[in-house]
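Trainee: Structure provided below as structure tokens; questions to follow.
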């Protein structure tokens, strides 16, 4: 099937690098479907690249046809809501869980919102990912590629080439790499 007839979904846990991947795809030539409601801030200085209607996909998937041939960001818990009437290529961002939790805690503190206990969040995320990765291979309407945020920052050329291969050569690797700013990798695991 042609990439123009499919929907590219960028997914992952919160704070896993999904905004960076959206920037990379958009820069590489795959347009991002975004409503620009959530604007850039100190936590995502280049923007979030979100589309609010994805949150209501389960009850209103009418937006999906306009997403064909484009990239749209969707938090991992919402992947279950994607109807089989469309075909999807999912780029799933993985990141060191301690880095995710650190980033999320800092963001919530800046917003003066409480964070759940780290152990609770870590356990919840681990269970969610285990279930999701058992479910994903059983879905005939989507294909998934896991991309490690940590590997992407460590070896961007190799990871960008994997993404381009997954997307039939559509995004330009050199242009995708322009979106990566190592200075924005601020929550690193010390290991």
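The values are calculated or read from the model by the stated rules, or taken from the named source; none is laboratory data. Because the structure is predicted, anything quoted here is derived from the model rather than measured. Ideal geometry is used to build each Cβ from the backbone, glycine not excepted, and the neighbour counts take in all protein chains shown.
Trainee: Look at residue 180 and say whether it is in contact with a strand residue (DSSP E or B) (Cβ under 8 Å, 6 or more places away or on another chain) and closer than 30 Å to residue 5 by Cα.
Mentor: The answer is no for residue 180.
Trainee: Residue by residue through the stretch 144-168, note down the ones that are surrounded by fewer than 15 Cβ atoms within 10 Å (Cβ to Cβ) and closer than 20 Å to residue 68 by Cβ.
Mentor: Across the stretch 144-168, the qualifying residues are 145, 168.
Trainee: From the residues in the stretch 49-59 that are farther than 21 Å from residue 17 by Cβ and touching a helix residue (DSSP H, G or I) at 6+ places or on another chain (Cβ under 7 Å), which one is surrounded by the most Cβ atoms within 10 Å (Cβ to Cβ)?
Mentor: In this case the residue turns out to be 57.
Trainee: Which is more than 27 Å from residue 131 (Cα to Cα), at pLDDT 95 or above and surrounded by fewer than 20 Cβ atoms within 10 Å (Cβ to Cβ), of 45, 65?
Mentor: Exactly one of 45, 65 is more than 27 Å from residue 131 (Cα to Cα), at pLDDT 95 or above and surrounded by fewer than 20 Cβ atoms within 10 Å (Cβ to Cβ), namely 65.
Trainee: Kindly check whether there is at least one residue in the stretch 85-96 that is outside any strand (DSSP E or B) and either within 14 Å of the chain's Cα centre (by Cα) or modelled with pLDDT under 95 (or both).
Mentor: yes
Trainee: Right, next: What are the residues in the stretch 77-98 that are within 15 Å of residue 149 (Cα to Cα) and surrounded by fewer than 20 Cβ atoms within 10 Å (Cβ to Cβ), if any?
Mentor: 94, 96, 97, 98
Trainee: Let me ask something else about it. For the stretch 146-168, state whether one or more residues are part of a loop (DSSP other than H, G, I, E, B), touching a strand residue (DSSP E or B) at 6+ places or on another chain (Cβ under 9 Å), under 15 Å from residue 10 (Cβ atoms) and modelled with pLDDT of 95 or more.
Mentor: Yes; the residues of the stretch 146-168 include at least one that is part of a loop (DSSP other than H, G, I, E, B), touching a strand residue (DSSP E or B) at 6+ places or on another chain (Cβ under 9 Å), under 15 Å from residue 10 (Cβ atoms) and modelled with pLDDT of 95 or more.
Trainee: Here is a follow-up. Can you name the condition, by its number, that residue 36 falls short on among (1) out of contact with any strand residue (DSSP E or B) (no Cβ under 7 Å at 6 or more places or on another chain); (2) buried (at least 17 other Cβ atoms within 10 Å of the Cβ); (3) not in a helix (DSSP H, G or I)?
Mentor: It fails just one condition, (2).
Trainee: I would also like to ask the following. Return the residue satisfying two criteria in turn: it lies in the stretch 1-25 and is under 13 Å from the mean Cα position of the chain (by Cα) and part of a helix (DSSP H, G or I), and of such residues it is modelled with the lowest pLDDT.
Mentor: Looking at residues that are under 13 Å from the mean Cα position of the chain (by Cα) and part of a helix (DSSP H, G or I), I get 19.
Trainee: If a residue must be in contact (Cβ under 8 Å) with a residue 12 or more places away in the chain, surrounded by 14 or more Cβ atoms within 10 Å (Cβ to Cβ) and in a loop (DSSP other than H, G, I, E, B), how many such residues does the stretch 108-141 contain?
Mentor: Step one: of the stretch 108-141, the residues in contact (Cβ under 8 Å) with a residue 12 or more places away in the chain are 110, 118, 121-122, 125-126, 128-129, 132, 135-136, 139-141.
Then drop every residue that is not surrounded by 14 or more Cβ atoms within 10 Å (Cβ to Cβ), which leaves 118, 121-122, 125, 129, 132, 136, 139.
Now narrow it down to the ones that are in a loop (DSSP other than H, G, I, E, B): 139.
So the count comes out to 1.
Trainee: If residue 143 satisfies every condition in (1) in contact with a strand residue (DSSP E or B) (Cβ under 7 Å, 6 or more places away or on another chain); (2) within 19 Å of residue 19 (Cβ to Cβ) but one, which is the exception?
Mentor: All conditions pass for residue 143, except number (2).
Trainee: Let me ask another. Do we find a residue being modelled with pLDDT of 90 or more and within 19 Å of the chain's Cα centre (by Cα) anywhere in the stretch 112-125?
Mentor: There is at least one residue in the stretch 112-125 that is modelled with pLDDT of 90 or more and within 19 Å of the chain's Cα centre (by Cα).
Trainee: Within the stretch 169-178, track down each residue that is under 20 Å from residue 69 (Cβ atoms), surrounded by 12 or more Cβ atoms within 10 Å (Cβ to Cβ) and at pLDDT 90 or above.
Mentor: If the condition is that a residue be under 20 Å from residue 69 (Cβ atoms), surrounded by 12 or more Cβ atoms within 10 Å (Cβ to Cβ) and at pLDDT 90 or above, then 172, 173, 175, 176 are the ones that fit.
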